[in-house]
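Accompanying notes for the structure given below.
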Amino acid sequence: MIVTEEQFPESEFLWKQILADIRSKLNRQRFETWFRRVTLLGLDESKLRIGVPNVFLRNWLQDYYLETLKESVEQVLSQALLIEIEVIDAPETESSTNGSSSDTSVHGESRSAAPAPSASPGPGTSPSPSPSSSPTLPLTVERGRQPDFHLNDQYKFENFVVGPGNRLAHAAALAVSESPATVYNPLFMHGSVGLGKTHLLQAICHTLLERNPNTRILYLSCEEFINHFISAVENGDLDAFRNRYRHGDIILVDDIHFLANKERTQEEFFHTFNTLYNAKKQIVLSSDSPPKEIPSLQDRLVSRFKWGMVAEIEPPDYETRMAIIKKKAKARGRDLPDDVAQFLAENFSQNIREIEGAVLKTVGYASLNGSPITLSLAREAMKDVIAPSANAVTFDAILQMVAEDHDLKISDLLARRRTKQIAFARQLAMYLARKLTGHSYEEIGGYIGGRDHTTVLYAYEKVQKLLETDDNVRVVVDRFVNRLRNGSS
Ligand code: ADP
Ligand code: MG
């Protein structure tokens with residue numbers, strides 16, 4: 001790689017993080033097709049320069065992936081950079097073409113608007129998309145020994161943190177990887193975005209391939225199935241299509257909810273399913289909703305999807321989030337202090353991809369500034385990401401509201417004086433400060449009358465326990481949280 005003087009000392013590290021972020025956003029095949037041959041030329045505080053081997057690739061990235069690149073740069077560096085894409089090595093004189101990007105449809109079923117990837121090339125062949133390779137999928141791909149899909153090395157069982165929300169799905173996926181087509185067939189996993197569905201599908205693939213590298217795995221996104229089917233219909237090549245999708249030891253289709261409202265493709269998938277199922281092959285599907293909630297999914301598919309095991313994945317609880325955050329930071333070679341991990345776990349709860357993004361961004365921000373990872377740094381790195389309403393809650397607002405509500409003065413809460421009523425109001429204020437401001441126990445203790453962090457921790461845990469056992473407390477706390485978050489008093 002070319003190193004220029006201007007770049008950040010950690011530019012290579014940061015570039016890898018940017019690539020990892022892009023990879024997490026794209027379907028694997030697209031990532032391989034469009035980003036594998038991109039190299040870093042330079043990275044400084046105003047500009048990211050990357051190189052690609054040909055004009056076609058440059059134009060394609062410019063037209064379709066500039067936004068993705070920008071987003072990932074911002075995600076990792078917490079700042080926007082100018083992005084320059086340069087053609088390096090042997091410049092090609094080909095006329096740049098995007099191939100036919102016009103949508104085609106099968107009875108109104110259109111290809112996804114994003115550029116479809118060309119199938120990933122076999123080992124040893126040039127992976128660059130030549131001008132003649134239109135974005136339609138070739139129907140027969142010679143793959144040699146390698147599978148024609150890319151698995152993210154991180155998406156293994158050993159990197160998957162198990163908690164109450166995903167325990168069932170994890171156990172079922174593990175069982176399938178250990179003895180396919182015996183226990184749960186089909187395995188249908190559903191849950192909202194960023195909760196680990198793709199991770200589990202790929203973990204199954206990794207395990208199967210580790211055990212037997214010759215396992216014939218069909219791993220694809222539903223989008224690929226649809227696009228491929230449409231191409232097959234257009235090209236009158238259904239035999240090849242069926243030959244491909246009906247022969248394998250296991251088929252894993254990610255995001256099967258994309259079958260919604262796609263009648264013809266549903267019909268085709270129904271036959272694919274039956275053929276494989278009858279041949280006692282394992283079928284694994286992931287979806288953002290349970291079978292019966294996929295819009296206009298044919299009843300016969302709904303019922304088949306429920307034949308085996310349907311496992312829901314729910315958002316991770318606090319402890320699981322903490323474990324995930326620590327693990328992800330460690331995977332990037334950094335240990336996060338507890339208060340930083342807590343801050344992130346409290347502010348990101350619904351989507352593990354976002355949690356991961358927050359860790360990445362915090363770590364990247366620290367690298368960029370050459371500073372240690374502290375709570376205030378994390379807060380600074382997250383300032384544009386965390387909803388301002390959640391962030392804008394101040395100590396003063398909390399103290400004022402709690403004091404008013406208890407007919408006390410703010411000074412009562414800060415003072416040493418201790419009646420039962422004041423003590424509880426103070427604990428409530430500490431709890432709310434911890435929950436809503438992102439400040440550490442220490443900082444809160446310091447602010448609320450110079451108290452020790454253990455006092456704040458004790459208060460926090462006490463209120464937390466009361467919330468579970470006392471409905472009145474819950475009502476009061478919920479009301480406070482809502483009023484503070486929404487800025488109304
Ligand atoms: P989905 O397919 O459900 O949208 P992904 O499988 O792409 O979600 O997961 C999003 C990100 O979160 C991935 O980087 C994945 O590794 C990570 N992730 C999800 N669940 C877990 C988990 N339980 N433990 C560790 N990482 C996880
Ligand atoms: Mg996914």
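The table below gives the values:
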| read-out | value |
| --- | --- |
| Among (1) open to solvent by less than 20 Å² (accessible area, probe 1.4 Å); (2) in a helix (DSSP H, G or I); (3) not hydroxyl-bearing (Ser, Thr, Tyr) - the single one residue 51 does not satisfy | (2) |
| Candidates 193, 183, 141, filtered to the one that is modelled with pLDDT under 95, within 13 Å of ligand 1 (Cβ to nearest atom) and out of contact with any Lys or Arg (no Cβ under 6 Å at 6 or more places or on another chain) | 193 |
| Selection from the range 182-229 of residues that are within 16 Å of ligand 2 (Cβ to nearest atom), open to solvent by 20 Å² or more (accessible area, probe 1.4 Å) and among the polar types (S, T, N, Q) | 192, 198 |
| Tabulated pairs, the range 240-255, first charged (D, E, K, R), second open to solvent by 10 Å² or more (accessible area, probe 1.4 Å) and within 16 Å of ligand 1 (Cβ to nearest atom), C-beta under 6 angstrom, 6+ apart or interchain | 254/198; 254/221; 255/221 |
| Leading residue by the ranking (modelled with the lowest pLDDT) among those in the range 295-336 that are in a loop (DSSP other than H, G, I, E, B), loosely packed, with under 13 Cβ neighbours inside 10 Å and not acidic (Asp, Glu) | 333 |
| Subset tally (residues that are in a strand (DSSP E or B), at pLDDT below 80 and open to solvent by less than 60 Å² (accessible area, probe 1.4 Å)) for the range 63-108 | 1 |
| Strands (runs of 3 or more DSSP E) lying entirely in the range 152-263 (those with 1 or more residues that are within 18 Å of residue 310 (Cα to Cα)) | 187-190, 250-254 |
| Residues being open to solvent by less than 70 Å² (accessible area, probe 1.4 Å) and assigned to a helix (DSSP H, G or I) - total across the range 427-452 | 14 |
| Answer from 172, 203, 240 - the residue that is more than 14 Å from residue 312 (Cα to Cα) and either modelled with pLDDT of 95 or more or within 16 Å of ligand 1 (Cβ to nearest atom) (or both) | 203 |
| Residue 275 being of a type in the set (Ser, Thr, Tyr) and away from ligand 1 (no atom under 16 Å from the Cβ) | yes |
| Conditions (1) modelled with pLDDT of 95 or more; (2) open to solvent by less than 50 Å² (accessible area, probe 1.4 Å); (3) more than 30 Å from residue 346 (Cα to Cα); (4) touching a helix residue (DSSP H, G or I) at 6+ places or on another chain (Cβ under 7 Å): number failed by residue 262 | (1) |
| Some residue of the range 288-295 being farther than 29 Å from residue 153 by Cα, touching a Lys or Arg at 6+ places or on another chain (Cβ under 9 Å) and free of Cβ contacts under 8 Å to residues at least 40 places away in the same chain | yes |
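Matching residues to (1) among the charged types (D, E, K, R); (2) in contact with a Ser or Thr (Cβ under 8 Å, 6 or more places away or on another chain):
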| residue | (1), (2) |
| --- | --- |
| 410 | no, no |
| 418 | yes, no |
| 429 | no, no |
| 432 | no, no |
| 437 | no, yes |
| 443 | yes, no |
| 452 | yes, no |
| 460 | no, no |
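The values are calculated or read from the model by the stated rules, or taken from the named source; none is laboratory data. Everything numeric in this text was worked out from a predicted model, so none of it was measured. Using ideal geometry, Cβ is built from the backbone for each residue, glycine included, and neighbour counts are taken over all protein chains shown. Side chains included, ligands, DNA and RNA excluded: accessible areas come from the protein's heavy atoms. Shrake-Rupley method; radii C 1.70, N 1.55, O 1.52, S 1.80 Å.
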